[in-house]
Amino acid sequence: MFVSRSMVSQVITIDKDATVFEAQEKMAVNGVRHLPIVDADNRLIGIVTDRDIRSAMPYSMLKEKGGSEEREQLAQLKVEAIMIRNPMTLSPMHTIQDALLLIQKKKVGAFPVVDDEGKLIGILSVRDLLRAFTYVLGIGQPGTLVGIEVEEKVGQLKKIVDAITEENISFGSVLVARTWEEGKRAVFPYLLTTNVAKVKRKLAGMGYALIDPMDWHIDKLP
Amino acid sequence: MKKTGYLHDNRYMLHDTGPYHPEMADRLTAIYNGIKDAGLLDQVTLIPAVRADLKWIETVHDTKYINRFGDTCMTGKRTFDYPDNQMCADTYETALLAVGGILDTVRRMMAGEIDNAFCAVRPPGHHAERNQAMGFCYFNNIAIAARYLQMEHGIQRVGIIDFDVHHGNGTQHIFENDPTVFYYSIHQHPSFSFPGTGREFEEGNEDGQGFTKNTPVLPGQGDDIYRKLIESDLLPTFDRFKPEVLLVSTGFDGHSDDDMSDINLSTEGYSWIMETIMKLGNQYTAGRVISILEGGYCLERLGELAANHVRILFNG
């Protein structure tokens, strides 16, 4: 679960002396929204985002890409002038949970990843985190999600897992929703099978309530 | 009245999935009895299975995969690729008979012997990908039939309609870059159902962009929503595509009494779907419609559903 395993290591960077147009072009060509800026020793000195570039442009320029005076002035503008200096970074030994919480807290779209010497070794974006969690959910594999309501007491999950395992069914993932009803939890096993009818009957026979799919949720909005 | 073929062969029951498996041989008995009890057996042309020439299977599956399947079966293993795919020593041969029977049925239709047909085969096919067995499926029967139509009978545009309650990931995967075969599927929403694909934004890739269409349906929905979505999604799409032949992946597992899904189609709802497909066929394919069995596991319902299905084919 370390950032080093989920980050993109082939980072697209830009020189501080490049123009904002060059930065814009580089983002478009590579399909990225963040360009770290490094010095000659690969030390991170800043980052520029597509939003920074848009903010630097007058509204008229966004509307029409004409060869106006403003455009000529802007063509002189260097990345160094608009970049965020000393941006927030992650270390490769941060976990993806750290990254998830930090991205929510700081409201940024990506973190450069630097080593102990401050050298750029990767970048981790919201997109990379989503990929990691898609993988955690197991939804890239064929399977069926089942929703089970259980009493909030120790040992429930074991019984459910045992009952499913006895049917020789593998798990893609198991989610537990904590914010369910008072005294209850919801367990969502993602089963790597199409054949869930029998195991559903079995769980119902054990006294578990199967949750109507239209009532499934894993979080509650604040 | 049309000349309707009914592909049925007791050898399709040799594929033994073991105890407690929903995709069982009894399904075909229930279907046969339903068609017989409805007095339709005398009205249709019974077609027996024949073994497929491997060259047709190789139009869809890699030779390596075909051999791996055959070899696994020979060694006496009970599962292939996933534990869902329970099998026996006869499974490989049965799968060859399923493909061969379907291709022979297609041949008869193209030769004018029959107008349309229902192919009650096992094992089913729409989950099988080029190199991957999945969800009770080994060879993708319908995909091979589409390639056969194109290569042997010069058909350019094949329309596939899949109303099994599960998404036909295999069929989609095989044709997703191909603009000559349109894959349309309506199924229970993938967040609530196997195999987890078939979202509305899966629309094909590269040259095949726009030649795949998926209609996911939320749990608990039934006839009304199916009617609305088929009218809004399928009909205009095929009006534009203008298929020359329709192939149908028929699954009865969206019936309200079938516990493989949370979709609540009624028996009448199923009839409406097939009648609508026949209208599409009469409009664009000169009534050339080949229906191929996929899922449907409620033994108490399969008879009436299959009988209605065949009657609709017969009435044209």
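The values are calculated or read from the model by the stated rules, or taken from the named source; none is laboratory data. The structure displayed is predicted, hence computed values, not measured ones. Neighbour counts are summed over all protein chains in view; Cβ atoms, including those assigned to glycine, are modelled from backbone coordinates with ideal geometry. Areas reflect the complete protein model, heavy atoms only, side chains present, ligands, DNA and RNA absent. Shrake-Rupley method; radii C 1.70, N 1.55, O 1.52, S 1.80 Å.
Let me know the shape class of the range B:4-315, please: from the alpha-carbon gyration tensor, a ≥ b ≥ c as square roots of the eigenvalues, rounded when a/c is under 1.5, otherwise prolate if a/b is greater than b/c, or oblate. Could you put the intermediate results ahead of the total?
On the way: a/c = 1.17, a/b = 1.12, b/c = 1.04.
Rounded, since a/c falls under 1.5.
Amide H to amide H under 5 Å from A:Ile45: which residues, 5+ apart in sequence or cross-chain, H placed 1.01 Å off N in plane?
For A:Ile45, the qualifying residues are A:Ile37, A:Val38, A:Asp39.
Could you compute the FRET efficiency for A:Lys107 and B:Asn177, with r as their C-beta to C-beta distance and R0 at 60 Å, rounded to 0.05?
Result of the calculation: an efficiency of 0.95.
For chain A, just the Cα set please: Rg and Dmax, both in angstrom.
Every Cα atom of chain A included, Rg and Dmax give 24.4, 77 Å.
I want the local charge near B:Gly220. Using Cβ-Cβ distances under 11 Å, sum +1 for each Lys or Arg and -1 for each Asp or Glu among the other residues. The partial results should precede the final answer.
Details: positive: none; negative: A:Asp212, A:Asp215, B:Asp262.
Cβ neighbours under 11 Å give a net charge of -3.
Enter the accessible area per residue of chain A (Å², integer; probe 1.4 Å; all protein chains in place). If you can, show how the numbers build up before the last one.
Values: 13020 Å² over 222 residues.
Heavy-atom accessible area per residue stands at 59 Å².
Tally Lys and Arg at +1 and Asp and Glu at -1 over the other residues with C-beta under 11 Å from the C-beta of A:Leu175: what net charge comes out?
Numbers: positive: A:Arg178, A:Arg185; negative: A:Asp219.
Neighbourhood net charge equals +1.
If I take every Cα pair under 8 Å that is 6 or more residues apart in chain B, average their sequence separation and divide by the length, what percent do I get for the relative contact order?
On the way: 725 pairs, mean separation 66.5, N = 316.
About 21 percent, as a whole number.
Taking amide hydrogens as modeled 1.01 Å from N in the peptide plane, which residues meet the under 5 Å criterion relative to B:Ile47, leaving out close sequence neighbours?
B:Tyr6, B:Leu7, B:His8
On a 1.4 Å probe surface of the protein chains, which of B:Arg11, A:Arg54 comes out largest in accessible area, and what is the full order? Don't skip to the answer; put the middle values down first.
Numbers: B:Arg11 95, A:Arg54 120 Å².
Sorted by accessible area, descending: A:Arg54, B:Arg11.
Can you list the lysines whose alpha carbon is less than 20 Å from that of A:Lys16, not counting same-chain residues fewer than 8 positions off?
A:Lys26, A:Lys78, A:Lys119
Please give the FRET efficiency for A:Thr134 paired with B:Thr45, using the beta carbon to beta carbon distance and R0 = 51 Å, rounded to the nearest 0.05. Working shown, then result.
On the way: r = 49 Å, r/R0 = 0.96.
It comes out at approximately 0.55.
Can you pull the accessible area of A:His34 for me, 1.4 Å probe, Å² to the nearest 10?
Rounded to the nearest 10, the figure is 40 Å².
Once you put a point 7 Å from the Cα of B:Ser191 and another 7 Å from the Cα of A:Lys78, both along the Cβ direction, what distance in nm separates them?
A separation of 4.9 nm, rounded to one decimal place.
If B:Thr215, B:Thr59 are ordered by their accessible area, calculated over protein heavy atoms with a 1.4 Å probe, which sequence runs from highest to lowest?
Details: B:Thr215 5, B:Thr59 30 Å².
Largest to smallest exposure gives the sequence B:Thr59, B:Thr215.
Using the Karplus curve 6.51 cos²θ - 1.76 cosθ + 1.60 with θ = phi - 60°, what ³J(HN,Hα) values do you get for each residue of the range A:79-93, in whole Hz, with x for Gly and Pro?
Here the 3J(HN,Hα) series is 3, 4, 6, 10, 5, 7, 7, 6, x, 5, 10, 10, 9, x, 9 Hz.
Ballpark to the nearest 100 Å², how much total accessible area do A and B bury together, probe 1.4 Å? List each step's numbers first, then the result.
Working: alone 13860 and 11980 Å², together 24240 Å².
By this definition, chains A and B bury close to 1600 Å².
What list of ³J(HN,Hα) couplings, whole Hz, do you get for the range A:12-23 from phi and the Karplus terms 6.51, -1.76, 1.60, once you set θ to phi - 60° and write x for glycine and proline?
7, 10, 9, 7, 5, 8, 5, 8, 5, 5, 4, 5
Show that you can apply the helix-only estimate: for the protein assembly as shown, add -39,500 (n - 2.57) for every DSSP H stretch of four or more residues, divide by all residues, and state [θ] at 222 nm to the nearest 500. If you can, show how the numbers build up before the last one.
Values: 20 runs with 199 residues, N = 538.
Taking each H run of at least 4 residues, the total per residue is -11000 deg cm²/dmol.
Per residue of the range B:266-272, in order, report the coupling 6.51 cos²θ - 1.76 cosθ + 1.60 (Karplus, θ = phi - 60°) as ³J(HN,Hα) in whole Hz, putting x for Gly and Pro.
Rounded to whole hertz, the list is 8, 4, 5, x, 5, 4, 4.
Scan the range A:95-176 for trypsin sites (Lys or Arg not before Pro) in coil per DSSP, keeping those whose Cβ has at most 10 other Cβ atoms within 10 Å, and list them by number. All intermediate terms of the calculation are to be shown ahead of the outcome.
Working: sites: A:Lys105, A:Lys106, A:Lys107, A:Lys119, A:Arg127, A:Arg131, A:Lys153, A:Lys158, A:Lys159; in loops: A:Lys107, A:Lys153.
Those satisfying the criteria are A:Lys107, A:Lys153.
Quick check: the distance between the Cα centres of the range B:276-291 and the range B:134-158, to the nearest angstrom?
Computed from Cα coordinates, the inter-centre distance equals 17 Å.
For the range A:144-215, just list the percent of Cα-Cα distances falling in each 5 Å bin from zero outward, please.
Calculated over all Cα pairs of the range A:144-215, the distribution is 3, 16, 32, 28, 15, 5, 1 percent.
Report the residues of the range A:207-221 in range of a label on A:Glu152: point 7 Å along Cα→C-beta, backbone N strictly under 18 Å from it.
Counting backbone N atoms under 18 Å from the label point, the list is A:209, A:217-221.
If you take every residue apart from B:Gly208 with its C-beta less than 13 Å away from the C-beta of B:Gly208, what net charge results, scoring Lys and Arg +1 and Asp and Glu -1? Don't skip to the answer; put the middle values down first.
Numbers: positive: B:Arg157, B:Lys213; negative: B:Glu176, B:Asp178, B:Glu202, B:Glu203, B:Glu206, B:Asp207.
Residues close to B:Gly208 contribute a combined charge of -4.
If R0 is 41 Å, what FRET efficiency do you get for A:Ile12 and A:Asp219 from their C-beta distance, rounded to 0.05? Intermediate results must be reported in sequence, preceding the final value.
Working: r = 34 Å, r/R0 = 0.83.
E between A:Ile12 and A:Asp219, to the nearest 0.05, is 0.75.
Can you tell me how the range B:214-316 classifies by the Cα gyration tensor, rounded, prolate or oblate, using a/c under 1.5 as the rounded cut? Display every interim value, and only then the final one.
Values: a/c = 2.13, a/b = 1.34, b/c = 1.59.
Oblate, since a/c reaches 1.5 and b/c is not below a/b.
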